[in-house]
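Here is the structure we will look at.
The values are calculated or read from the model by the stated rules, or taken from the named source; none is laboratory data. Remember, predicted model here, so these are calculated numbers, not experimental data. Note that each Cβ is placed from the backbone with ideal geometry, even for glycine, and that neighbours are counted across all protein chains shown.
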Amino acid sequence: MAAGYQYFIVSRVTTVSNMPVSAEHIRTLHKYEKDILAALERSMKRFAWVPLEQLQLLTNLSESEVNYRLSRLIEWGMVRFNPVPYDGYALVFGGYDALALATLTKKGRISALGPMLGEGKESVVYEALGLGPVAIKFHRVGGRSFSSARLNREYMPEEGHCPWLLASKCSAMREYEALTRLHPDVSVPLPIDQNRHTVVMGLICGPSLNRCRLENPVQVLDEILENTKKAYRLGIIHSDLSEFNIMMDDGKCVIIDWPQWISPDHENAEAILGRDINNILTYFKRKYNLDYPYEDALQCVTG
Ligand SMILES: Nc1ncnc2c1ncn2[C@@H]1O[C@H](COP(=O)(O)OP(=O)(O)OP(=O)(O)O)[C@@H](O)[C@H]1O
Ligand SMILES: [Mg+2]
């Protein structure tokens, strides 16, 4: 067993801090508890707070059984209870994590969760074991602070009472779509699977660009512009391109973090592509004193 991993399917558990959910709880989730989480998920478009009767109806369980199972799910941070204006229950990120991990485990995509690799404004990324080591990104749109959420309409579901869970799912679906459209022409992580608000992808073993001191900055800048051009030709503009979203894997750059991509038909495409290019040129100017004229870079990408 690899150190630092929490296994879902074997019996021993190594505890690692900052886990989205405890592997122990996922492994020992009772069938009724899974049924209740699934019933909450199915009801979340209709109800802000799902009444007990609805859960009984969907699960065919007695009131006392549903109450007992809910108390455990609440204790594990998977479900939230709200007493006003009526007793209701809602799925929270912990429960959504559990559902996604249970599905990915069942499909054989992952068997264990490893250490946290990074935490961004709207996601948390862990190493995991699949067929080999992989990365799993949990999207958390608005999960920390509602006011900091990117209220980009393309993220927001049109209906539903759990906008943050649904928006996180939309965000993961968009990121996975970008990865599948770009891989392998553009240097991005290998897309492996997507479920609910999670994306499973190839693990990049290297630091992000901002933490490197490059020996060949001219070559790396060319490589980034070349990848931006290929993505543009495939109909995708990153929209958050920066030294923080480029990783260096054995001297090769890999562009990550694609949920906010837009198409070149987007009404603000020109300005957004310009900002992406500018972010990169400014970074190479500041860190390596490299002068690359903006017009030349734009021509390289769109020409
Ligand atoms: N495939 C991967 N392999 C290894 N590490 C990764 C991978 N994807 C992401 N990471 C790590 O997780 C961090 C956060 O990932 P990412 O940039 O995709 O999301 P984010 O930062 O939450 O988004 P935002 O830029 O909106 O804050 C990265 O900086 C990186 O350290
Ligand atoms: Mg990022």
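Which residue pairs have Cβ atoms under 6 Å apart, sit 6 or more places apart or on different chains, and have a first residue in segment 111-124 that is in contact (Cβ under 8 Å) with a residue 24 or more places away in the chain and in the same structural domain as Asn245 (by TED's automatic domain parsing) and a second that is among the β-branched types (Val, Ile, Thr) and within 11 Å of ligand 1 (Cβ to nearest atom)?
none
If Ala178 passes every condition in (1) of a type outside the set (Phe, Trp, Tyr); (2) crowded, with 21+ Cβ neighbours inside 10 Å; (3) in a helix (DSSP H, G or I); (4) touching a Pro at 6+ places or on another chain (Cβ under 7 Å) but one, which one does it miss?
Single failed check for Ala178: (4).
For residues that are out of contact with any Asp or Glu (no Cβ under 6 Å at 6 or more places or on another chain), in a loop (DSSP other than H, G, I, E, B) and either at pLDDT 90 or above or surrounded by fewer than 21 Cβ atoms within 10 Å (Cβ to Cβ) (or both), tally how many sit in segment 131-145.
5
List the strands (runs of 3 or more DSSP E) inside segment 23-126, counting only whole elements, that have at least 1 residues being surrounded by fewer than 22 Cβ atoms within 10 Å (Cβ to Cβ) and touching a Gly at 6+ places or on another chain (Cβ under 9 Å).
Working: elements: 79-82, 88-91, 112-119.
Where strands (runs of 3 or more DSSP E) fall fully within segment 23-126 and carry at least 1 residues being surrounded by fewer than 22 Cβ atoms within 10 Å (Cβ to Cβ) and touching a Gly at 6+ places or on another chain (Cβ under 9 Å), they are 79-82, 112-119.
Specify which of the listed residues (Leu281, Leu298, Leu290, Leu221) is more than 15 Å from Ser208 (Cα to Cα), part of a helix (DSSP H, G or I) and touching a Phe, Trp or Tyr at 6+ places or on another chain (Cβ under 7 Å).
Details: Leu298 fails: touching a Phe, Trp or Tyr at 6+ places or on another chain (Cβ under 7 Å); Leu290 fails: part of a helix (DSSP H, G or I); Leu221 fails: more than 15 Å from Ser208 (Cα to Cα).
Going through Leu281, Leu298, Leu290, Leu221 in turn, the sole match is Leu281.
Within segment 198-208, does at least one residue satisfy the condition of being in contact with a His (Cβ under 8 Å, 6 or more places away or on another chain), surrounded by 20 or more Cβ atoms within 10 Å (Cβ to Cβ) and at pLDDT 95 or above?
Pass one, segment 198-208, residues in contact with a His (Cβ under 8 Å, 6 or more places away or on another chain): 198-199.
Next cut, surrounded by 20 or more Cβ atoms within 10 Å (Cβ to Cβ) only: 198-199.
Next cut, at pLDDT 95 or above only: 198-199.
Checked against the condition, which is being in contact with a His (Cβ under 8 Å, 6 or more places away or on another chain), surrounded by 20 or more Cβ atoms within 10 Å (Cβ to Cβ) and at pLDDT 95 or above, segment 198-208 yields at least one hit.
Identify the single condition in (1) more than 10 Å from ligand 1 (Cβ to nearest atom); (2) within 19 Å of Ser171 (Cβ to Cβ); (3) in a strand (DSSP E or B) that Gly235 does not satisfy, given that it satisfies every other one.
(3)
Report, ordered by the first and then the second residue, all pairs with beta carbons closer than 6 Å, sequence separation of six or more or different chains, a first member in segment 69-84 that is over 19 Å from Gln56 (Cβ atoms), and a second member that is in a strand (DSSP E or B).
Pairs that qualify, where the first residue is over 19 Å from Gln56 (Cβ atoms) and the partner is in a strand (DSSP E or B): there are none.
Spot the failing condition for Val254; the list is (1) crowded, with 18+ Cβ neighbours inside 10 Å; (2) under 30 Å from Pro163 (Cα atoms), and only one is missed.
(2)
Do we find a residue being within 16 Å of ligand 2 (Cβ to nearest atom) and modelled with pLDDT of 90 or more anywhere in segment 106-116?
Here is the first cut: in segment 106-116, the residues within 16 Å of ligand 2 (Cβ to nearest atom) are 116.
Imposing the further condition that a residue be modelled with pLDDT of 90 or more reduces the set to 116.
Yes; the residues of segment 106-116 include at least one that is within 16 Å of ligand 2 (Cβ to nearest atom) and modelled with pLDDT of 90 or more.
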